[in-house]
C-alpha cells in the first residue's frame with residue numbers, strides 16, 4: 001500500500017513552525033509496512049487542499065493529513081475531505097460531550113458555536129476521540145481509498161496515532177519495513193573516503209541494485225550513511241535478511257572505517 005502525507009497549515013509554509021508531524025508519520029508508516037512516496041505541505045486554502053488530495057490519490061490509495069481540524073474559519077481540512085468523499089457532516093455526540101466537559105474546566109459559559117464546529121464529522125466514518133485536546137480525528141474509507149485526518153499539534157496527533165491508527169494500519173498490511181544503518185567515519189578520520197559518498201557507493205557496486213533488502217547511501221556532514229532496508233512478514237525475518245548484507249558491507253569497506261552499525265530508530 002502506498003500512502004501520501006499531507007500537512008495542512010500556512011504556518012508551515014511560512015516557516016513559523018517545524019513540520020515534525022511528517023517525520024513522525026513517515027517512521028510509523030514504514031514500521032507498518034506502508035510505503036510513503038510523497039510528502040506534501042499545503043496552506044489553509046480550500047482549492048489548494050482539494051487539489052492536493054486529488055493529486056495524492058493519483059499516486060496512492062491512502063492519504064494521512066494533519067492540521068486544519070480546529071474551530072476557526074480557516075480550519076477546513078475536514079470539510080474538504082467530506083466534500084471529496086461525498087459525505088455530509090453530522091454532530092458526533094460523544095465528541096461534543098467530551099469537548100463540553102473539557103471546556104467547562106476553564107470557562108463557565110456555554111460552548112461557543114465556533115468550538116462546536118470541531119464535533120462535526122463526516123457521516124459513516126470512524127471517529128478517533130481526542131483525549132489530549134478537543135478536535136477528534138477521522139478515518140474515511142470509500143472506493144478502495146483511505147483518508148486519515150489527525151490534529152496538527154504533535155501533543156495531540158502522536159497519542160491519537162498510537163491509540164487508534166497504529167492498530168488500524170497493522171490490519172491493512174502483512175508486511176513490515178526494517179532498516180539498519182551503517183555510519184562511516186568522516187573524511188578527517190578516514191582519508192581513503194575523503195570525497196564522501198561517491199567512493200562508498202562505488203565500492204558497494206551491485207549491492208546498491210538489490211531489491212530486498214535495498215541498500216542506499218546518503219551523504220552526511222560527518223560522514224556517509226548506508227541504510228539497508230528489508231520488507232518482511234515481521235521484524236525478526238527482516239533482520240535475518242539484513243544480517244548477511246551488513247556483513248558483506250563491513251567486509252567490503254573495512255571495520256576500521258565504520259563508526260557504528262545498528263537498527264534505525266529514527267534518531
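The long axis of helix 46-57 is offset from the longest Cα principal axis of the chain by roughly 50 degrees.
Taking the number of other C-beta atoms within 10 Å as the exposure measure, put 94, 77, 217 in order starting with the fewest. Numbers along the way, then the final one.
Working: 94 12, 77 28, 217 21.
Fewest-to-most ranking of 94, 77, 217: 94, 217, 77.
Ranked for footprinting exposure by Cβ neighbours inside 10 Å, fewest first, 197, 211 give 211, 197.
With an 8 Å Cα cut-off and a minimum separation of 6 or more residues, compute the relative contact order for the chain in percent.
On the way: 474 pairs, mean separation 44.6, N = 267.
Over the chain, the number comes to 17 percent.
Suppose a student asked you for the relative contact order of segment 120-267, using Cα pairs under 8 Å spaced at least 6 residues apart; what percent would you report? Before the final figure, lay out the partial values.
Numbers: 216 pairs, mean separation 32.3, N = 148.
Here the relative contact order equals 22 percent.
Using the Cβ-Cβ distance between residue 170 and residue 73 with R0 = 30 Å, the FRET efficiency computed as 1/(1 + (r/R0)^6) comes to roughly 0.25. Working from label points 7 Å from Cα in the Cα-to-Cβ sense, the residue 142 to residue 57 distance is 0.7 nm.
Centroid-to-centroid, using Cα positions, segment 119-158 and segment 1-66 are 14 Å apart. With both labels modelled 7 Å from their Cα along Cα-to-Cβ, the residue 198 to residue 48 distance reads 3.8 nm.
To the nearest ten degrees, helix 20-31 and the longest principal axis of the Cα atoms of the chain are 70 degrees apart. When the Gaussian network model of the chain links Cα atoms closer than 10 Å, the mean-square fluctuations of 239, 69, 150 top out at 239. The angle between the Cα long axis of helix 235-253 and the main principal axis of the chain comes to about 40°, on a 0 to 90 degree scale.
Helical content of the chain, expressed as a calculated mean residue ellipticity at 222 nm, amounts to -10000 deg cm²/dmol (DSSP H runs of 4 or more residues, -39,500 (n - 2.57) each, divided by residue number, nearest 500). Taking 11 Å as the cut-off, the amide N atoms of segment 146-189 that come nearer than this to a point 7 Å along the Cα-to-beta-carbon line of residue 11 belong to 152-154.
Over segment 1-99, what relative contact order in percent results from Cα pairs under 8 Å that are six or more residues apart? Contact order relative to length: 34 percent. Here the residues 48, 126, ranked from fewest to most Cβ neighbours within 10 Å of their Cβ, fall in the order 48, 126.
Since every read-out is calculated from the coordinates, none of them should be taken as a lab result. Source: prediction; values computed, not measured. Positions of Cβ are generated from backbone atoms using ideal geometry, with glycine treated the same way; all protein chains shown enter the neighbour counts.
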